[in-house]
Amino acid sequence: MEMLYHAALVIIVLMGLGTLATTLRQAGPYGRHMTPGQRFTMKARPAWLLFESPQWFSFALTFWLVAPPLAGPSGVMLFLFGLWQAHYVYRGLIYPWRMRDTHRQFPLIAVVMGFLFNLLNGFANAYAVGHADHLMTADWFTDPRFMAGLAIAVAGWLVNFQADTILINLRADGFTSYRIPHGGAFRWVSAANYFGEIVWWCGVGLMLWTLAGAVFVFFTLANLMPRALAHHRWYREHFPDYPKSRRAVIPGLL
Ligand SMILES: NC(=O)c1ccc[n+]([C@@H]2O[C@H](COP(=O)([O-])OP(=O)(O)OC[C@H]3O[C@@H](n4cnc5c(N)ncnc54)[C@H](OP(=O)(O)O)[C@@H]3O)[C@@H](O)[C@H]2O)c1
């Protein structure tokens, strides 16, 4: 099983490098970057549910059945299990349900890639949580890495949730195109949702302190940074009055 875990990590790193190389040239083809006339698509709402769902069953099956913690799950492991599941209940179930404009389409290829990635990532992180020595005792709850990670993760989650809400509300009146988002972290960056997401996963990575957690932080950066840059360019091209001081994704920096 340990070999499978390492193989999954290698594949995730390769997927991250592949994503980075391709999306730096052309943003992932969904939402505003979808290729006109794109064939083989499905509705965005079930697409999100479908490609995020492996994070529930892959993580849960690995943690409880396939490679459970040898000495039984500790309190720390159960906390991390709950945190992981809670995040994906939001992302895979609640977020698509909150989305407006449910007629939007999503390319099937992105659904398949997302599904495969989430399957591997759920397995790798569940295996890592269940087999990390430092997560076996309650001492980890008071470790500075856990406490700082939790504070960073909560801050990131709040920024992300607020940004999701601002974007959702831009279409509250039935409008189906794009407007300039204002408020929250959009004051500083064009991709406030990705900024919050990146901070959240950096915090979770710190709390986990595992190789699988670090690999996922790398993948998140490789996936979201180029897309944030593409969003930023897109806003500047489409809105002549776009706020000049706004950065792409990291306030004050990038
Ligand atoms: N962990 C990860 O690697 C990862 C990967 C992807 C996404 N996510 C998270 O999932 C969430 C959604 O991601 P996404 O890639 O779909 O984000 P996005 O491209 O910013 O779009 C988010 C939603 O808001 C709408 N929207 C965006 N900008 C708008 C504007 N200016 N005016 C009106 N509506 C606007 C989009 O509609 P359209 O679809 O019509 O553009 C979409 O429904 C984010 O919170 C993100 O952080 C995480």
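The values are calculated or read from the model by the stated rules, or taken from the named source; none is laboratory data. In this text, all values refer to a predicted model and were calculated from it rather than measured experimentally. Note that each Cβ is placed from the backbone with ideal geometry, even for glycine, and that neighbours are counted across all protein chains shown. The accessibility values were calculated without ligands, DNA or RNA, using every heavy atom of the protein model including side chains. Shrake-Rupley method; radii C 1.70, N 1.55, O 1.52, S 1.80 Å.
Any idea which residue in region 166-211 is nearest to residue 248 (Cα to Cα), counting only those that are near the ligand (Cβ under 10 Å from one of its atoms) and among the polar types (S, T, N, Q)? Out of the qualifying residues, it is 190. The residues of region 14-39 that are farther than 26 Å from residue 177 by Cβ and open to solvent by less than 50 Å² (accessible area, probe 1.4 Å), listed by number, are 15, 16, 18, 19. Residue 204 fulfils the conditions (1) in contact with a helix residue (DSSP H, G or I) (Cβ under 9 Å, 6 or more places away or on another chain); (2) more than 26 Å from residue 62 (Cα to Cα); (3) not acidic (Asp, Glu) except for a single criterion, (2).
Per the listing 73, 96, the residue uniquely touching a Gly at 6+ places or on another chain (Cβ under 9 Å) and either surrounded by 13 or more Cβ atoms within 10 Å (Cβ to Cβ) or at pLDDT 95 or above (or both) is 73. Pairs meeting the criteria (first residue in region 226-248 and within 12 Å of residue 186 (Cα to Cα), second residue outside any loop (DSSP other than H, G, I, E, B) and open to solvent by 40 Å² or more (accessible area, probe 1.4 Å), beta carbons under 7 Å, at least 6 apart or on different chains) are 242/236; 248/229.
Those helices (runs of 4 or more DSSP H) of region 131-242 in which 2 or more residues are surrounded by fewer than 16 Cβ atoms within 10 Å (Cβ to Cβ) occupy 144-169, 211-238.
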